[in-house]
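What follows is a single structure, written as structure tokens, with notes after it.
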Amino acid sequence: MSTATQTPTATDSGRTPSRATRLLGDRRLPVLVTATLFLVMYAAGLSRYANYGFGEPQVFLNLFIDNGYLLVAAVGATFVILSGGIDLSVGSVIGFTTMLTAWLVEKQGLPVLVVIPIALGVGAFGGFLMGYVIHNFEIQPFIVTLAGLFLFRGLCLVISKESISIGDSTVSSMAQAQASLGVGFLSVGAIVSLVVLAVAFYVLHYTRFGRRVYAIGGNEQSALLMGLPQGGTKIAVYTVSGFCSALAGLLFTLYIQSGDPLHATGMELDAIAAVVIGGTLLTGGSGYVLGTLFGVLVLGLIKSIIQFEGTLSSWWTKIATGVLLCAFILIQRAMTTRKKT
Amino acid sequence: MAEPRPVLEMTGIVKEFPGVRALSGVDFRLFPGEIHALMGENGAGKSTLIKVLTGVYSLDGGTVTLDGKSVRIASPLQAQQAGISTVYQEVNLCPNLSVAENIFIGREPTRFGRIQWKQMRKEAAELVDRLGLDIDVTAPLSSYPLAVQQLVAIVRSVGTGDSDGAGAGTKVLVLDEPTSSLDRDEVLELFRLMRQLRDEGVAILFVSHFLDQIYEICDRMTVLRNGALVGEHMVSDLDQVGLIQLMIGKAMDQLEGLHEHQLHAEVGEPLVRADGLGRKGGIDPFDLEVNKGEVVGLAGLLGSGRTELARLLFGADQPDSGKVTIDGKQVSMSAPNDAIGAGVAFCSENRKTEGLVPDLTVRENIILALQAARGWTRPIPAAQRDELVAKYIKALDIRPANPEARVGQLSGGNQQKVLLARWLITQPKLLILDEPTRGIDVGAKAEIQKLVVSLSEEGMSVLYIAAELEEVLRLSHTIGVLRDRKLVARIANGPEITPTRILETIASGEHQ
Ligand SMILES: Nc1ncnc2c1ncn2[C@@H]1O[C@H](COP(=O)(O)OP(=O)(O)OP(=O)(O)O)[C@@H](O)[C@H]1O
Ligand SMILES: [Mg+2]
């Protein structure tokens, strides 16, 4: 430092935030909270249903098998929410993908390996269009993706009003394929969803695109002034979400082996709930895909606990989700107000 | 040193906003290896010219030539690629990202597309070091005060040319009021860096309302008034008086009388007493007394606890110890509402995040605090409201003098005036002003200081915080000196008190 600074400067403690503020302000804290919640719930399930086989490793692995498609959709939603937007079309795109796939495979007789890229392409293109409209016409994402929600649901009915079940042998062999882990097994869907999660983590943290998503979620105007291609990033984010929704649709088709115009109705809300419970701020700019994984696992665990309980109606899943959502939004609120001071 | 051909030439620049002609046919040239001041009152069009140049706003007329080639810059990204890096007036960074990322985002070091975090942090730390800053680059930007954020923005713009990037290195560096929230040492560091870049041939465009800084660092200046070009001069050819005359179109009133006046003014009985008020990590317990009609100035370096002291008195932070009495009654001070109820007003230094609502009109912004004090169920009669608003728009010379203008569209200095008006209108007993003249032009600065004196004459007490010691000395009856988050001295102002004496007190921590 120069000689002029021989006179007192602000002590470093004045400039560098104290440890307590840093811990409370640490963006990883909500993920830890969710992970802890998951462990606590799991431990509670173990002690309560120990005699009913809750402790079987396969029960744990089933969380991934039964919620793989939700995880993929929620990963896409994480991108959108991190960028400060919202995507309400997720459920409809999933439903549409199940219809499109079933129709192409069963009615048109196309081989599955041709149908998969078509379905993914259609989903990604739909997301691209929504992103394009949001950016170029400066319309609220809420409105544009709401329109997308209706559009894709409507398109389901254009294909067929009835559900189409899939009997194709490739599909059923894929659906039944299992990867053994010694203590249990994972399905194709579960493995794909974990791969998607890993890729998303890499993209968000180790590529320029990923960091731009955080930047425009933090402050879009600043991102523009910093010379970041903010428009392109936004469009890309919705494209990613469309792609993930379509992939989730394929996994859902595999899981349920049929196409139905009413499949996955409202699943966008499950995806958003998982993202929020996973600690991502709805205002954008803060959160992790890893949190989203825990969000999905928590939701899945609620479902299986209620199954183990046996006597409870499945509506309790919704109630528990609602309570959790409220709790987590309150935590977010507390964290953001703390940060301001 | 200046080469004959300008690196940047803007001719006949026109920019119109609905209802306002912000720039009418402005010519501007910038030579390599010079530091060029862009001067003008609040609202003269300085920031607009910069935003037109860097593609934030589109051009309504005129041409821009860069390196002799005509260019059309449509976005800040293109400006960066063309070698123009910019620090805008309001800090524009992403508070949720780390300091290192804010410096590098958009041009992070990568290998096969993978961001090299280690290398990035290391390079960021080096760049930050170059500016003599001692901060942790991995901490989120939002954990640092405004001044540090400002410095980070500067580091970012300076660094733009350094790494591979898409650009051919920085040719033009634009700094729009970068020094408004910095203290002296940081300004010196910045100037050292600016000189170094200038000697490397970079052309620097510099905006500041501190005339001394202009005369210290700049080679040439361009003066704007009301969106029109007044003239281009070498700094050495034009003295301060002449410059002010060019800027405001008339000679400026003298301020010397204010000081005399304050030294002889009588103050009334005690109004506010703080006993052992303190907060861990904010400021050590202090005693402070403010009398009716007294101006208490706070002097101290950035981070010495000036703002923290003010926030405690306003209830914006909760004290861990001590009590406050106002007018003989103890006040709980657990929230700003208690303070407002007791007649305390706080004009924050941080107008962007704590003060104004950019999407509301000037009128709505001004009326906000008064309405809150009355309670939302008792609206102020429209006629009375409009009259009050008009009075303060005139008193503070807010431009455009249109109560319906959106605050976000006002120039930076005029936004500051709106914030000031908001608190003045509540007629508080104690008015806390934290850096009220930051970013305000010379003419308006003088107006605000005169206003403080006349308010104190009418019996209002004022706590005045300013980085410029001259201002504090001119207006205060009593000066509180802060150092390292302690109130180390309270000095009665008098003819023998000079800025040097105050600096000595700050340095030694005691008053002789
Ligand atoms: N986005 C906008 N919409 C409408 N009017 C605007 C906008 N931006 C600026 N103006 C107007 O243009 C004029 C010039 O503003 P500008 O910000 O360029 O002033 P300035 O010289 O930078 O002043 P200061 O010293 O206060 O920063 C002002 O009258 C302002 O109200
Ligand atoms: Mg400006």
Legend entry - Filtered residues of the stretch A:211-258 (kept if in a loop (DSSP other than H, G, I, E, B) and either out of contact with any Lys or Arg (no Cβ under 8 Å at 6 or more places or on another chain) or away from chain B (no Cβ under 14 Å) (or both)): A:ASN219, A:GLY227, A:GLN257
Inset, instruction - Output the number of residues of the stretch B:188-204 satisfying the condition of being in a helix (DSSP H, G or I), crowded, with 20+ Cβ neighbours inside 10 Å and either within 14 Å of chain A (Cβ to nearest Cβ) or β-branched (Val, Ile, Thr) (or both). - result: 2
Legend entry - Flag if A:LEU262 is in a loop (DSSP other than H, G, I, E, B) and more than 14 Å from chain B (Cβ to nearest Cβ): yes
Inset, instruction - Select from the stretch B:420-438 the residues that are within 16 Å of ligand 2 (Cβ to nearest atom) and surrounded by fewer than 24 Cβ atoms within 10 Å (Cβ to Cβ) and list them in ascending order. - result: B:ARG438
Legend entry - Qualifying positions in the stretch B:116-139 - facing chain A (nearest Cβ under 8 Å) and touching a Pro at 6+ places or on another chain (Cβ under 7 Å): B:ALA139
Legend entry - Residue in the stretch A:160-181 that is modelled with pLDDT of 95 or more and away from every other protein chain (no Cβ under 14 Å) present: no
Legend entry - Within the stretch B:466-509, tally of residues that are over 25 Å from the mean Cα position of the chain (by Cα) and more than 12 Å from chain A (Cβ to nearest Cβ): 10
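Matching residues to (1) more than 30 Å from B:GLY300 (Cβ to Cβ); (2) modelled with pLDDT of 80 or more; (3) away from ligand 1 (no atom under 16 Å from the Cβ); (4) under 21 Å from the mean Cα position of the chain (by Cα):
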| residue | (1), (2), (3), (4) |
| --- | --- |
| B:VAL158 | no, yes, yes, yes |
| B:THR170 | yes, yes, yes, no |
| B:VAL174 | yes, yes, no, yes |
| B:ASP185 | no, yes, yes, yes |
| B:ARG198 | yes, yes, yes, no |
Inset, instruction - Just need a number here: residues in the stretch A:256-271 that are in contact with an Asp or Glu (Cβ under 9 Å, 6 or more places away or on another chain) and farther than 21 Å from A:ILE159 by Cα. - result: 2
Inset, instruction - Name the residue, out of B:GLY25, B:GLY45, that is among the small types (Gly, Ala, Ser), surrounded by fewer than 19 Cβ atoms within 10 Å (Cβ to Cβ), over 30 Å from A:VAL199 (Cβ atoms) and more than 11 Å from chain A (Cβ to nearest Cβ). - result: B:GLY25
Inset, instruction - Answer yes or no: is there a residue in the stretch B:91-110 that is within 16 Å of ligand 2 (Cβ to nearest atom), within 12 Å of chain A (Cβ to nearest Cβ) and either within 27 Å of the chain's Cα centre (by Cα) or within 23 Å of B:ALA203 (Cβ to Cβ) (or both). - result: yes
Inset, instruction - Please give the strands (runs of 3 or more DSSP E) falling wholly within the stretch B:17-115 in which 3 or more residues are over 19 Å from B:VAL172 (Cβ atoms) and within 14 Å of ligand 1 (Cβ to nearest atom). - result: B:20-30
Inset, instruction - Check the stretch B:225-243 and report whether any residue there is farther than 25 Å from B:GLU470 by Cα, outside the structural domain of B:LEU197 (by TED's automatic domain parsing) and surrounded by fewer than 16 Cβ atoms within 10 Å (Cβ to Cβ). - result: no
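Select from the stretch B:452-500 the residues that are surrounded by fewer than 17 Cβ atoms within 10 Å (Cβ to Cβ) and either outside any loop (DSSP other than H, G, I, E, B) or among the aliphatic types (A, V, I, L, M) (or both) and list them in ascending order.
B:SER454, B:GLU457, B:GLU470, B:ARG490, B:ALA492, B:PRO499, B:THR500
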Inset, instruction - Considering only the stretch B:176-187, state which residues are within 14 Å of another protein chain (Cβ to nearest Cβ) and surrounded by 18 or more Cβ atoms within 10 Å (Cβ to Cβ). - result: B:ASP176, B:SER181, B:LEU182, B:ASP185, B:GLU186, B:VAL187
Legend entry - Breaking point among (1) in a loop (DSSP other than H, G, I, E, B); (2) crowded, with 24+ Cβ neighbours inside 10 Å, for A:THR98: (1)
Inset, instruction - Please tell me if A:LEU197 is under 15 Å from the mean Cα position of the chain (by Cα) and either buried (at least 20 other Cβ atoms within 10 Å of the Cβ) or within 14 Å of chain B (Cβ to nearest Cβ) (or both). - result: yes
Inset, instruction - Kindly check whether there is at least one residue in the stretch B:8-16 that is within 30 Å of B:ILE398 (Cα to Cα), polar (S, T, N, Q), out of contact with any helix residue (DSSP H, G or I) (no Cβ under 6 Å at 6 or more places or on another chain) and away from ligand 2 (no atom under 16 Å from the Cβ). - result: yes
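Filter the stretch B:21-53 for residues that are of a type in the set (Val, Ile, Thr) and either more than 13 Å from ligand 2 (Cβ to nearest atom) or out of contact with any Leu (no Cβ under 8 Å at 6 or more places or on another chain) (or both) and give the result.
Filtering the stretch B:21-53 for residues of a type in the set (Val, Ile, Thr) gives B:26, B:35, B:48, B:50, B:52.
Within the stretch B:21-53, B:VAL26, B:ILE35 qualify.
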Legend entry - Residues being closer than 15 Å to B:ASN337 by Cα and part of a helix (DSSP H, G or I) - total across the stretch B:423-441: 1
Legend entry - Yes/no for B:GLY439 being more than 27 Å from B:GLY268 (Cβ to Cβ), within 16 Å of ligand 1 (Cβ to nearest atom), in contact (Cβ under 8 Å) with a residue 40 or more places away in the chain and not assigned by TED's automatic domain parsing to the domain that holds B:ARG490: no
Legend entry - Among (1) assigned to a strand (DSSP E or B); (2) closer than 23 Å to A:SER258 by Cβ, the one test that A:LYS161 misses: (1)
Inset, instruction - From (1) away from ligand 2 (no atom under 16 Å from the Cβ); (2) touching a strand residue (DSSP E or B) at 6+ places or on another chain (Cβ under 9 Å); (3) within 14 Å of another protein chain (Cβ to nearest Cβ), pick out the condition that doesn't hold for B:ILE340. - result: (3)
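The values are calculated or read from the model by the stated rules, or taken from the named source; none is laboratory data. Remember, it's a predicted structure, so these values are computed and weren't measured experimentally. All Cβ positions, even for glycine, are placed from backbone atoms using ideal geometry, and neighbour counts span all protein chains on display.
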